[in-house]
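Q: Before I ask anything, here is the structure I am working with.
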Amino acid sequence: MIGYKRIAISGLALMVMILAGCQKESPMVSLGLEEVYTIARMQKLQLSSPFTGEGYRWSLLLPEGTEQTLSASRDMLFISETTGIHELRFMLIDGVNPLDFRFTVNVVDEEVAYSPYLAHVYEYCPAPGQFINKMPWYDEGDTAEDMRRKAEEALSGTNEEMVSLGAFGGYITFGFDHTVVNVDGEYDFMILGNAFYDAGMEDEKAGSCEPGIVMVSLDVNGNGLPDDEWYELAGSEYASEATVHGYSITYHAPDLNKPPVPDGRYLTDTEYIPWEDSLGESGYVAKNYENTQSYYPLWLTEQQLTFSGSRLAPNGEDVFGNGSYFKLYSYAWGYVDNHPNTIAKLNSFDIGWAVDRYGMPVRLPGVDFIRVYTAINQYCGRIGETSTEIIRAQDLHVE
Ligand SMILES: [Ca+2]
Ligand SMILES: [Ca+2]
Ligand SMILES: [Ca+2]
């Protein structure tokens, strides 16, 4: 593992460094930046100006003599998908003590070859659903950590065992053994689900399409945990008036003493798991004859679960009007479990789609954490609640 030198300087440390610099008569030591950094590809080099100033500019010096600005803030994060030598420049804009410093970042191959496939599941937090406690399988006594590990085993590498996220809001957070680089103008990673078009519905692109929204995050604080800012990847419906941003929903654990209310056809209890949402609506995740286990995550002690995010409009059509056959239409692009896995492009994602909470585009050099959540709150008769499933995730820049 090739590390990088991270510059994080407290007032005291800075004083010590300046003193050391005086003794060695080396102005670069007092500056707190190195002349040469060596990092592995797809690893982050995070630098910070050791001094405050009126302005900052970090840039990449391009071979043709031009400069590409990387950051205009005190901090700069550099990452490269490919190996090679990069010349960088840091300018501290200040009327009293300006600085203009050039340095080199040498990007080399990793020592142990990266895997292109999902390596870690950080959180598995499904909403209630007919495949919860089955995908992955819950054994009595399992904890949240056991279920996280089971989800990780199911999805790691090319295992391709299905993991269900349940009804609206249920999510999973995962990552790779490296940072996924945002290559400009290219898809960066792919996530596969279990969507399909019904026979004869290829032109309509409808069948079992259960879109999940993707969020991404960069490990800015460098602690290896997904506790940094999250950004939504804005898919085709992001700006639609039918999309509800800032939506939230609360599900309640089923009352085991309540007499079930069957519909006499597909459902053993139409009033199984109650929910209410931020729009003032309420309803139930019903229970069906086919899946008889608990639909509420059995490893949790909480009696209610709240999820929030952007909600896409319902996409199902009750073809015969009796709940026997629902056709779920796909959305155009930018969602998981929304088009068949055979169409790689429509299951691929560009970090360049990231937006902040205000909907403003964000330029991320790469991402360490990816989250997928079920984006529709919908119940479809015989086939039950709409839930996103995933089976694999893959970095498209690693062979
Ligand atoms: Ca990209
Ligand atoms: Ca973090
Ligand atoms: Ca699905």
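Q: Compute the helix-to-body angle for 11-24: its Cα long axis versus the longest principal axis of the chain, expressed 0 to 90° and rounded to tens.
A: Helix 11-24 sits at roughly 30 degrees to that axis.
Q: Compare the peptides 212-223, 49-60, 120-131 by average per-residue count of other Cβ atoms within 10 angstrom and give them in order, highest first.
A: Output ranking for 212-223, 49-60, 120-131: 120-131, 212-223, 49-60.
Q: Kirkwood Rh over Cα pairs of segment 82-194 into Stokes-Einstein at 20 °C, 1.002 mPa s: D in µm²/s?
A: D, rounded to a whole number, is 121 µm²/s.
Q: Once you treat every alpha carbon in the chain as an equal point and sum by Debye, what is log10 I(q)/I(0) at q = 0.06, 0.10 Å⁻¹?
A: One equal scatterer on each Cα of the chain leads to -0.30, -0.73.
Q: Now, a different point. Just to check I understand the Karplus step: with θ = phi - 60° and J = 6.51 cos²θ - 1.76 cosθ + 1.60, what whole-Hz values come out for segment 373-383, glycine and proline as x?
A: Computed from phi, the couplings for segment 373-383 are 9, 4, 9, 10, 9, 7, 10, 10, x, 4, 8 Hz.
Q: For segment 147-276, what class follows from the C-alpha gyration tensor (a ≥ b ≥ c being the square roots of its eigenvalues): rounded when a/c is under 1.5, otherwise prolate if a/b is larger than b/c, else oblate?
A: It comes out prolate by the Cα gyration axes.
Q: Mind checking the dipole of segment 54-198: about its Cα centre, +1 per Lys or Arg Cβ, -1 per Asp or Glu Cβ, Debye to the nearest 20? Before the final figure, lay out each step's value.
A: Working: 8 positive and 26 negative charges, 70 e Å.
Around 340 debye, computed over segment 54-198.
Q: List the residues whose amide H sits under 5 Å from the amide H of residue 392, counting only those 5 or more places along or on another chain, with H placed 1.01 Å from N in the peptide plane.
A: Those lying under 5 Å, H to H, from residue 392 are 192.
Q: Step through the residues of segment 317-325 one at a time and calculate ³J(HN,Hα) from phi using the Karplus curve (6.51 cos²θ - 1.76 cosθ + 1.60, θ = phi - 60°), rounding each to whole Hz and writing x for Gly and Pro.
A: Karplus values, whole Hz, x for Gly and Pro: 10, 7, 4, 9, x, 10, x, 7, 8.
Q: Highest mean first, what order results for 179-186, 61-68, 242-249 on Cβ atoms within 10 Å? Each step should come with its number before you reach the end.
A: Working: 179-186: 18.5, 61-68: 9.5, 242-249: 15.6.
The densest-packed peptide leads the list: 179-186, 242-249, 61-68.
Q: By how many degrees, 0 to 90 and rounded to 10, does the Cα axis of helix 144-155 deviate from the longest principal axis of the chain?
A: Helix 144-155 sits roughly 90 degrees off the main axis of the chain.
Q: Could you give me the ³J(HN,Hα) list for segment 177-188, computed from phi with Karplus coefficients 6.51, -1.76, 1.60 and θ = phi - 60°, whole Hz, x at Gly and Pro?
A: 8, 6, 7, 7, 7, 8, 7, 4, x, 10, 5, 10
Q: With 13 Å as the cut-off, how large is the P(r) tail for segment 278-354, expressed as percent of Cα-Cα pairs? It would help to have the intermediate numbers written out before the result.
A: Values: 2382 of 2926 pairs.
For segment 278-354, the fraction of Cα-Cα distances above 13 Å is 81 percent.
Q: For every helix of n ≥ 4 consecutive DSSP H residues, a contribution of -39,500 (n - 2.57) applies; sum these over the chain, divide by its total residues, and give [θ] at 222 nm rounded to the nearest 500 deg cm²/dmol.
A: Rounded to the nearest 500, it is -2500 deg cm²/dmol.
The numbers here are math on the coordinates, done by the rules we state, and not lab data. Keep in mind it's a predicted model, so treat the numbers as computed, not measured. No Cβ is skipped: glycine too gets one built from the backbone with ideal geometry, and neighbour counts run over all protein chains shown.
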